[in-house]
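What follows is one structure encoded as structure tokens, with my remarks underneath.
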Amino acid sequence: MIQMGGALVVGVALGLLGSGGSIITVPILVHGLDRPFDVAVSESLWIVGLISLVGVMVALRGANVQFRTAIIVAPFGVAGAFLGSVLTSSISNNYQEGIFLSVLLASSFMMLKSPKILEPNSFSSFKSVLLPGAFVIGVLSGLVGVGGGFLILPLLIYFGGLKFNEAAGTSLLLITSQSLAGAITPQLLLPIQERPELSWGLIFWFTIIGIIGLVFGDRLRSVLAERVLRQSFGFALMILSVFLVSR
């Protein structure tokens, strides 16, 4: 029951906002399904990467994916996710959880803040903020299993000059690339005995149910105000932060 409800919430968040999936997935896996934190990180990356991939296909129907921006930004996020995944073997679960909680709090504030859409003045300003930002978000993605959409979305709006729907669709493409990069890295680099013991059955069913939630969330987005969506999700993340700190 926890698995089904949690997966639906993750999918709806990705469909509504183009972000927020993994920031919910990790706590569900750890506290709801008793998965070890390091294993939950890898499972979250697979789940969110696959759900987001379907989300990209849905977003393409509405022409809401800005490929020109994604092609420039994605390599930086993928490189960061690769580095983050490599670093996980040298960082304890307690430190990983501490970083995750910090990211969770940051994401709640980002969602509560109302972004103003700005056209970038020049490509140099675009590069100076968005590309390093994408790399740092990628590192966090590989390190603590977050797709980074809650941080990518404001960056695309503030410094990429994208409207909300375009930013949400493009965010899903960037989440897909860096989540799957972070998920695949341990499988390629670590010896078999050191790889996280993933539950592929859990990943499969969580993903399928999450995709159903994503389709529902995408349709719901057209009838709800963007500001209400973001701020409601921000309050929910803040409540989740308090709960996890209390644990």
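So here's what we get for this one:
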{"quantity": "Cα Rg over Rh - the range 20-246, Kirkwood", "calculated": "0.95"}
{"quantity": "Cβ crowding within 10 Å averaged over residues, with 48-57, 27-36, 196-205, 236-245 ranked highest first", "calculated": "48-57, 27-36, 236-245, 196-205"}
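Read-outs throughout are calculated quantities, based only on the coordinates presented, and are distinct from any laboratory measurement. Model, not experiment: these values are computed from the prediction. When we count neighbours, we look across all protein chains shown, and the Cβ atoms used for this are built from the backbone with ideal geometry, even at glycine.
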